[in-house]
There are 2 protein chains.
Amino acid sequence: MSEHGQRLARLRDILKRRSLYVSALPNIRYLTRFTGSAGHVLVTPDTAILFTDGRYRSQARRQASGVQVVISRGSPLAALARMISEQRLRRVGFESQRIPYARVRYLRGEVTRCRFVPEVDIVSQMRVIKSAPEIEAIRGSAALNSAAFADVVDRSRPDWTEARLAAEIEFRMRRLGAEGAAFPTIVASGSHGALPHAEPRPKTVERGSLTIVDHGAILSGYCSDMTRMVAWGEPGATQVALFGAVLEAQAAAIDAIRPDVECRTVHSRARRVLSKVRIAGVRLDKAFVHSTGHGLGLEIHEPPHIGPRRRQRLQPGMVITVEPGAYLEGVGGARVEDVVAVTDRGCEVLTMTPRELRVVAA
Amino acid sequence: MSEHGQRLARLRDILKRRSLYVSALPNIRYLTRFTGSAGHVLVTPDTAILFTDGRYRSQARRQASGVQVVISRGSPLAALARMISEQRLRRVGFESQRIPYARVRYLRGEVTRCRFVPEVDIVSQMRVIKSAPEIEAIRGSAALNSAAFADVVDRSRPDWTEARLAAEIEFRMRRLGAEGAAFPTIVASGSHGALPHAEPRPKTVERGSLTIVDHGAILSGYCSDMTRMVAWGEPGATQVALFGAVLEAQAAAIDAIRPDVECRTVHSRARRVLSKVRIAGVRLDKAFVHSTGHGLGLEIHEPPHIGPRRRQRLQPGMVITVEPGAYLEGVGGARVEDVVAVTDRGCEVLTMTPRELRVVAA
């Protein structure tokens, strides 16, 4: 059976003859291979049907595996509602975290004899544990991402703007075969780096200060995500100290990753390292304003969430980012991020780029 | 009053002392200027509050206009729920088309004394009519998009792949100052063009056949969207006829645009032209598998929807795409797309690139 067929079979095992309306596109892709931007899947004990529109007629036929394809002239959602009526289904689950409220209301109005029941996001939960081919796909995406970074930093000039660097990296990813960027590339230099999610500016990178470079590729559908620190010109002692503390926090977090460890433990290891360092009057755990990481795969943000109060336990096959950071207003920011796969006994870092602060002569 | 302040005042006029939870990020940006990737806005008769997390502390303070900012250590949604409790609000509307089902359930569970009421998407409806500065922003985005197209086609070589062309266009948009692409660029050559939403392949463009090039930029937050047809090497008679029919259909649709005309009329004008042409045994209206266009602005797809059965009437200030196409399996596809603003007496095409089939020597 194909990997997609196995997934559908596994989903049916979990559903135990319940029916499920799968609405989230990455879940649809995971189950059926279909990559279109519009579609709905209905999984019943006996059938699995993809509803989409005329724009995707040939694509759906070519891609979709293990499901019937219905191309509707009108709304594909209306076609799904009709099918639920025709099949006289009395109970259909839906992905309550990933479906707009109004869509559930519409279905309840259209098929009054069927009970629509909110489910936890079953397919996303299946996706948390990656198969060996999926881990290889993420490794490939990470390798491409690293190659783009190396190429652009090697060719970079100190008169490039943040926006130029971001554009060059995304172009390089595409030229190396990526479908696109997994998220908008962040390049944030000097005090702009104090914004963890800074947008690249049309401003030359600040000489001798830390620049955050955070980017990811999509390759064969799978995301990568990496943050490295670059300085164009030798950075000062404060900057080096900030970077060093974050690098050490990241190492401590990675060191904690193994099966059965709670996600919050990984986070607290990073925090603990930062809590011992004070820069510009700030204890760095106070400057660590986000969580330590997140799962990734077909989407750039997936469960598990590596943050405080997260008791979910790591399991072999999970793939997560480890990305502590520290942000000091007026000074700048530092973050170091790798993609890490949980293995049977510990973990494997899938990101190959060295983590050192990269200093480019300026 | 700033434009954003006016928008908030206008929203309050519509709400008539009701409260509204604004959850869609483009709606939040429209009302407050905040561009972060996570946030919630609560508008009450007396206050407007943006809830976000520590990553956006400085950015929210710097950007957000006319609203209080609450940075929460835990979940910003929990902070919003607490505020609803503290303010003893008894009724809060929500954007039912743009909010996940589970989030409404969460709020109803947290604040049992408040009634959460589904509303039509009030802010999106406000956004349908663009102000003069918004139309100028879209015009600027379209001009940038056209410049990127011209530059890349001029420099293109017949041995470039579809993927390379897409990457070059997106790079050029960035280098010209765009924040990014408004959607994944489509380059689809030869029979691949029969897929309306084709993904660019790592395959050289087919000589002497139609290639669909469909791309858009985001500039200052505003989207553009254009499709042009290119042939590397002289195309054959069938291809030229297909292109000609679509071009004529587009002209007929644009010609119909003026205030008070129903959206479906614009669509049927394009269809009517295509219904008179038969290529490869297919009447082209049967090969026109999507609708004629969509609004655009802060998002690439906004109301109104220019399709069959759409009775909404055009009004001055609406900005829409006009993009009929025809797709013939085994032959290829053609689409021509411009961005058009509805004016007091008719319309203005904002896209400046000539619509002719561009033939590049190969």
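The values are calculated or read from the model by the stated rules, or taken from the named source; none is laboratory data. Fair warning: this is a prediction, and the values are worked out from it, not measured in the lab. Here the Cβ positions follow ideal geometry from the backbone for every residue, glycine too, while neighbour counts run over all protein chains shown. Each accessible area value is taken on the protein alone, full model and side chains, heavy atoms only, with ligands, DNA and RNA left out. Shrake-Rupley method; radii C 1.70, N 1.55, O 1.52, S 1.80 Å.
With Cβ to Cβ distances under 11 Å as the rule, what net charge do the other residues near A:Ser224 carry (K, R +1; D, E -1)?
On the way: positive: A:Arg139; negative: A:Asp225, A:Glu337, A:Asp338.
Local net charge: -2.
Counting only C-alpha contacts under 8 Å and six or more residues apart, can you give the relative contact order of chain B as a whole percent? Can you show the working numbers first?
On the way: 814 pairs, mean separation 51.8, N = 362.
Relative contact order for chain B comes out at 14 percent.
In Å and on Cα atoms, what radius of gyration and Dmax does chain A show?
22.8, 71
Distance in whole Å from the B-onto-A rotation axis to the closest C-beta of chain B, together with the residue it belongs to, please.
Looking at chain B's Cβ atoms against the axis toward A, the nearest is B:Phe171, 2.
Taking Cα atoms, how many degrees apart are the long axis of helix A:3-15 and the longest axis of chain A, rounded to 10 and kept between 0 and 90?
On a 0 to 90 degree scale, this one is about 70.
Please report how far the C-alpha centroid of segment B:228-304 lies from that of segment A:236-276, rounded to the nearest whole angstrom.
Using only Cα atoms to place each centre, the spacing works out to 56 Å.
With a probe of 1.4 Å, find how much accessible area segment A:1-83 has per residue, and write the answer as a whole number in Å².
On the way: 3440 Å² over 83 residues.
For segment A:1-83, the solvent-accessible area averages 42 Å² per residue.
Compute the Rg/Rh shape ratio of segment A:86-141: radius of gyration over Kirkwood radius, all on alpha-carbon atoms. Intermediate results must be reported in sequence, preceding the final value.
Numbers: Rg = 16.3 Å, Rh = 13.6 Å.
On the Cα set of segment A:86-141, Rg over Rh gives 1.20.
Of the candidates B:Tyr30, B:Tyr222, B:Tyr56, which one comes out as most mobile in a Gaussian network treatment of chain B with C-alpha springs shorter than 10 Å?
Greatest mean-square fluctuation among the candidates belongs to B:Tyr56.
From the square roots a ≥ b ≥ c of the eigenvalues of the alpha-carbon gyration tensor of segment B:82-225, which class results: rounded (a/c under 1.5), prolate (a/b over b/c), or oblate?
Numbers: a/c = 3.58, a/b = 2.34, b/c = 1.53.
Note, shape of segment B:82-225 comes out prolate.
Please provide three numbers in whole Å: the alpha-carbon extents of segment A:56-102 along the principal axes, with the largest listed first.
Principal axes ranked by extent give 30, 26, 23 Å for the Cα atoms.
Over the C-alpha atoms of segment A:1-102, what are the Rg and the largest Cα-to-Cα span, Dmax, in Å?
According to the Cα coordinates of segment A:1-102, Rg and Dmax are 12.7, 37 Å.
What do you reckon, how do A:Lys286, A:Lys203, A:Lys130 stack up by accessible area (1.4 Å probe), largest on top? Walk me through the numbers before you get to the answer.
On the way: A:Lys286 135, A:Lys203 110, A:Lys130 15 Å².
Listed by decreasing accessible area, they come as A:Lys286, A:Lys203, A:Lys130.
With the Cα gyration tensor of segment B:223-362 in hand, convert its eigenvalues to equivalent ellipsoid semi-axes via √(5λ) and list them largest first in whole Å.
Values: eigenvalues 136, 59, 28 Å².
For segment B:223-362, the ellipsoid semi-axes come out as 26, 17, 12 Å.
Write out the trypsin sites (Lys or Arg not before Pro) in segment A:1-53 meeting two conditions: DSSP loop, and at most 16 other Cβ atoms within 10 Å of their Cβ.
Details: sites: A:Arg7, A:Arg10, A:Arg12, A:Lys16, A:Arg17, A:Arg18, A:Arg29, A:Arg33; in loops: A:Lys16, A:Arg17, A:Arg18, A:Arg33.
Hits after loop and neighbour filter: A:Lys16, A:Arg17.
For helix B:101-110, what angle does its Cα long axis make with the longest principal axis of chain B, in degrees from 0 to 90 and rounded to 10?
The angle comes out at about 0 degrees.
Classify segment B:173-213 as rounded, prolate or oblate, taking a ≥ b ≥ c as the square roots of the eigenvalues of its Cα gyration tensor: rounded when a/c is under 1.5, otherwise prolate if a/b is larger than b/c and oblate if not.
Numbers: a/c = 2.91, a/b = 2.05, b/c = 1.42.
Here segment B:173-213 falls in the prolate category.
Report the A-B buried area as the accessible area lost on both sides summed, probe 1.4 Å, in Å² to the nearest 100. Provide the component values of the computation, followed by the final result.
On the way: alone 16240 and 16250 Å², together 29120 Å².
Chains A and B together bury approximately 3400 Å².
Looking at segment A:169-211, which residues lose a minimum of 40 Å² of accessible area between their chain alone and all protein chains in place, measuring with a 1.4 Å probe and not counting ligands or nucleic acids?
A:Phe171, A:Arg174, A:Arg175, A:Leu195, A:His197, A:Glu199
Separation of segment B:18-86 and segment A:2-57 by C-alpha centroid, Å?
Each part reduced to its Cα centre gives a spacing of 35 Å.
In a Debye calculation with equal point scatterers on the alpha-carbon sites of segment A:25-160 and no solvent, what is log10 I(q)/I(0) at q = 0.09, 0.13, 0.15 Å⁻¹?
One equal scatterer on each Cα of segment A:25-160 leads to -0.39, -0.67, -0.82.
If Rh is defined by the Kirkwood formula over all Cα pairs and Rg also comes from Cα, what ratio Rg/Rh do you get for segment B:297-347? If you can, show how the numbers build up before the last one.
Numbers: Rg = 13.6 Å, Rh = 12.8 Å.
Ratio of gyration radius to Kirkwood radius for segment B:297-347: 1.06.
Give me the percent relative contact order of segment B:250-316, please, defined on Cα pairs under 8 angstrom at least 6 residues apart. Each step should come with its number before you reach the end.
Values: 98 pairs, mean separation 27.4, N = 67.
With pairs under 8 Å counted, the relative contact order is 41 percent.
Per residue, what accessible area does segment A:97-218 have, given a 1.4 Å probe and all protein chains present, in Å²? It would help to have the intermediate numbers written out before the result.
On the way: 4650 Å² over 122 residues.
Each residue of segment A:97-218 exposes 38 Å² on average to a 1.4 Å probe.
Quick one: accessible area per residue over segment B:220-264, 1.4 Å probe, rounded to a whole number of Å²?
On the way: 1460 Å² over 45 residues.
Per residue, segment B:220-264 has 32 Å² of solvent-accessible surface.
Once the Cα gyration tensor of the protein assembly as shown is diagonalised, what are the square roots of 5 times its eigenvalues, in whole Å and ordered largest first, as equivalent ellipsoid semi-axes?
Values: eigenvalues 308, 196, 161 Å².
The answer is 39, 31, 28 Å, longest axis first.
Give me the mean projected area, in nm² to one decimal, of the convex hull enclosing the Cα positions of segment A:149-305. Mind showing how you got there, number by number?
Numbers: hull surface 38.3 nm².
With the hull built on Cα positions only, its mean projection is 9.6 nm².
Defining the label point at 7 Å along Cα→Cβ, can you sort the distances from A:Ser220 to the same site in each other copy, shortest first, in nm?
Going from nearest to farthest copy, the values are 4.4 nm.
Top mean-square fluctuation among B:Asp285, B:Asp46, B:Asp159, Gaussian network model of chain B, C-alpha springs under 10 Å?
Comparing B:Asp285, B:Asp46, B:Asp159 in the GNM, the peak value goes to B:Asp46.
Roughly speaking, to the nearest percent, how much of the protein assembly as shown's 1.4 Å accessible area is carbon and sulfur?
Working: 14160 of 29120 Å².
The C+S portion of the solvent-accessible surface of the protein assembly as shown is 49 percent.
Could you state the angle between the C-alpha long axis of helix A:76-86 and the longest principal axis of the C-alpha atoms of chain A, as a value from 0 to 90 degrees rounded to the nearest 10?
40
Taking Cα pairs under 8 Å and at least six residues apart, what relative contact order does segment B:288-351 come out at, in percent? It would help to have the intermediate numbers written out before the result.
Numbers: 115 pairs, mean separation 18.4, N = 64.
Computed value for segment B:288-351: 29 percent relative contact order.
Would you calculate, for chain A, the mean residue ellipticity at 222 nm contributed by helices, counting each DSSP H stretch of 4 or more residues as -39,500 (n - 2.57) and dividing by all residues, to the nearest 500? Numbers along the way, then the final one.
On the way: 10 runs with 125 residues, N = 362.
The per-residue figure over chain A is -11000 deg cm²/dmol.
For segment A:238-288, what's the radius of gyration and Dmax over Cα atoms, in angstrom?
Cα-based Rg and Dmax for segment A:238-288 come out at 11.5, 38 Å.
Assuming a viscosity of 1.002 mPa s and a temperature of 20 °C, what translational diffusion coefficient in µm² per second does Stokes-Einstein assign to segment A:252-324, Rh being the Kirkwood radius over Cα pairs?
Details: Rh = 12.5 Å.
Roughly 171 µm²/s, to the nearest whole number.
Taking only Cα atoms and a 10 Å spring cutoff, compute GNM fluctuations for chain A and point out the largest among A:Ile129, A:Ile257, A:Ile49.
Sorting by GNM fluctuation, first place goes to A:Ile49.
How far is A:Phe183 from itself in the other copies, in nm, if each label sits 7 Å out from Cα along the Cα-Cβ line, shortest first?
2.4
Round to the nearest 0.05 the FRET efficiency obtained for B:Ser2 and A:Val349 when R0 = 41 Å and r is the Cβ-Cβ distance. Display every interim value, and only then the final one.
Working: r = 48 Å, r/R0 = 1.17.
Result of the calculation: an efficiency of 0.30.
Determine Rg/Rh for segment A:156-234; Rg is computed over alpha-carbon atoms and Rh is the Kirkwood hydrodynamic estimate from the same atoms.
On the way: Rg = 12.4 Å, Rh = 12.6 Å.
Radius of gyration relative to Kirkwood radius: 0.98.
So how far, in whole Å, is the C-alpha centre of segment B:158-197 from the one of segment A:330-346?
32
Between copies, how far does the label point of B:Pro133 sit from its twins, in nm, shortest first, when each point is 7 Å from Cα along Cα→Cβ?
Ordered by increasing distance: 5.2 nm.
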